[in-house]
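Read the figures in this text as sums done on the coordinates, not as results from a lab. These numbers were taken from a predicted model, which means no experiment stands behind them. We place every Cβ from the backbone using ideal geometry, glycine too, and count neighbours over all the protein chains shown.
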Amino acid sequence: MWRNSANGYGLIQIVLHWSMAGIVAVMLPLGLWMTGLDYYDPWYTRAPDLHRAIGVLFGLMLLARWVWRLTQVQPTVHAATSRDQTVAVLVHWLLYFIPLCLIISGYLISTADGRAVEVFGWFSLPATMQGIDGQADIAGDIHFVLAMALLALIVLHVLGALRHHFVYRDDTLRRMLRPQIPPKPVKEQ
Amino acid sequence: MKVHSMSHLAAGMLLLLSGAALASDYVIDTKGAHAFVQFHIKHLGYSWLTGRFNTFSGRFSYDEANPDAARVEVTIDTASVDSNHAERDKHLRDDDLLDVKQFPQAHFVSTSYRDRGDGKGELLGNLTLHGVTRPITIEVSHIGAGFDPWGGYRRGFEGRTTLTLADFGILRNLGPASKEVHLWLGIEGIREE
């Protein structure tokens with residue numbers, strides 16, 4: 001139920017996957033929208049505060065996800081060809097790696113002058129690497145490029161899932177929607 | 001004897017003819033950071049926000065006997081804007097404000113100086129900022145001059161001027177109280193020997 005098996009994902013993996021997917025779906029447009037806001041817009045300071053705080057929480061979830069990914073069994077990949085298999089594995093690892101870099105680059109923008117990142121007033125994440133020449137600008141450019149790369153990967157990931165579901169008609173998408181139910185013992189005849 | 005007085009005369013004539021050449025040239029002491037390009041602008045109309053440009057270079061020439069011949073030239077690295085907040089500075093560098101990628105330098109070159117006596121005067125010149133060149137007037141006060149303890153000769157001024165951002169094509173709406181930015185310049189030069 002909670003853990004993964006060779007047949008499917010456990011509930012923890014499924015909840016992490018979809019809540020993080022939801023966060024990304026909010027964070028990408030939020031990031032693009034907030035940087036274009038007028039100075040007098042009520043969201044001018046609120047939106048970046050929200051973006052930073054959600055980013056930190058997303059980072060914690062990603063950490064949990066990494067731990068889970070490295071300690072749990074993974075269900076068998078249904079791939080038609082070995083090339084498909086390579087692409088799927090590569091996209092998955094990039095989907096783990098790029099958000100990590102995205103979070104770090106965002107953190108480096110906000111903490112470039114030593115300020116901490118406030119998370120909804122619950123706690124704050126202090127600055128570590130700071131004062132590098134042009135840090136906020138360089139980290140900002142990287143943050144934008146990585147966000148666009150993530151968007152492209154998500155498109156590939158979704159297309160892949162839909163292809164499995166509608167073309168190959170396997171359970172690749174279904175097993176991410178429903179926790180794997182232990183197979184019923186086969187009765188001997 | 002005669003040769004001697006002749007050479008004196010020649011020297012005196014040279015002195016009269018070359019008034020401009022007597023003016024000393026100074027390099028603005030950015031190396032030792034005894035020069036500042038600071039700005040202040042109202043925040044929402046409720047307070048002053050100050051910042052500065054950390055990287056610039058320039059020279060001036062000045063002759064106490066003929067202050068109206070003073071000349072100044074300063075080049076500012078716009079990306080060096082520093083308002084003590086990295087995220088704000090990043091925004092100040094963005095294309096809706098200073099647009100430092102397209103306009104990495106601001107440049108001021110004087111066209112004339114009007115001495116009003118008592119060490120005060122008006123420096124007229126052209127400022128190129130955000131790719132727009134406009135004449136501006138800087139209110140100047142001579143602060144002091146003299147030998148420094150390390151073998152050099154220094155001279156310093158302060159300057160004040162006010163710019164309307166829209167005049168330089170910076171159209172980002174920062175609010176009705178924040179259409180003008182005030183510049184304060186603290187300039188110390190080391191005389192070139």
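Within 14 Å of chain B (Cβ to nearest Cβ) and surrounded by 15 or more Cβ atoms within 10 Å (Cβ to Cβ) - does that describe any residue in the stretch A:36-47? Yes, some residue in the stretch A:36-47 is within 14 Å of chain B (Cβ to nearest Cβ) and surrounded by 15 or more Cβ atoms within 10 Å (Cβ to Cβ). Specify the residue that is farthest from the other protein chains (Cβ to nearest Cβ); the eligible residues are those in the stretch B:109-134 that are out of contact with any helix residue (DSSP H, G or I) (no Cβ under 6 Å at 6 or more places or on another chain) and outside any strand (DSSP E or B). It comes out as B:D118. Just one of the numbered conditions (1) more than 19 Å from A:G121 (Cα to Cα); (2) of a type in the set (F, W, Y); (3) part of a helix (DSSP H, G or I); (4) more than 11 Å from the chain's Cα centre (by Cα) is not true of A:W66: (4).
For the stretch B:159-173, give me each residue that is surrounded by 15 or more Cβ atoms within 10 Å (Cβ to Cβ) and within 14 Å of another protein chain (Cβ to nearest Cβ). Correct list: B:L165, B:I170, B:R172. Selection within the stretch A:96-133: residues that are in a helix (DSSP H, G or I) and surrounded by fewer than 17 Cβ atoms within 10 Å (Cβ to Cβ). The member of this set that is farthest from the other protein chains (Cβ to nearest Cβ) is A:Y96.
Filtered by the rule that a residue be under 20 Å from the mean Cα position of the chain (by Cα), farther than 18 Å from B:A166 by Cα and among the hydrophobic types (A, V, I, L, M, F, W, C), the stretch B:71-105 gives B:V72, B:V74, B:I76, B:A79, B:V81. When A:A53, A:A21 are checked against the criterion of being closer than 17 Å to A:E118 by Cβ, surrounded by 12 or more Cβ atoms within 10 Å (Cβ to Cβ) and either more than 12 Å from the chain's Cα centre (by Cα) or of a type in the set (G, A, S) (or both), A:A53 stands alone in meeting it.
So which pairs qualify, if the first residue must be in the stretch B:58-85 and more than 21 Å from B:G146 (Cβ to Cβ), the second must be among the polar types (S, T, N, Q) and not in a strand (DSSP E or B), the Cβ gap must be under 7 Å, and the two must be at least 6 apart or on different chains? Qualifying pairs under 7 Å: B:D77/B:T55; B:S80/B:N54; B:S80/B:T55; B:D82/B:N54.
Restricting attention to the stretch B:78-108, the residues that are part of a strand (DSSP E or B) and away from chain A (no Cβ under 12 Å) total 4.
Scanning the stretch B:56-77 for residues being part of a helix (DSSP H, G or I) and among the hydrophobic types (A, V, I, L, M, F, W, C) gives a total of 1. Restricting attention to the stretch B:148-193, the residues that are assigned to a strand (DSSP E or B) and farther than 30 Å from A:D41 by Cβ total 17.
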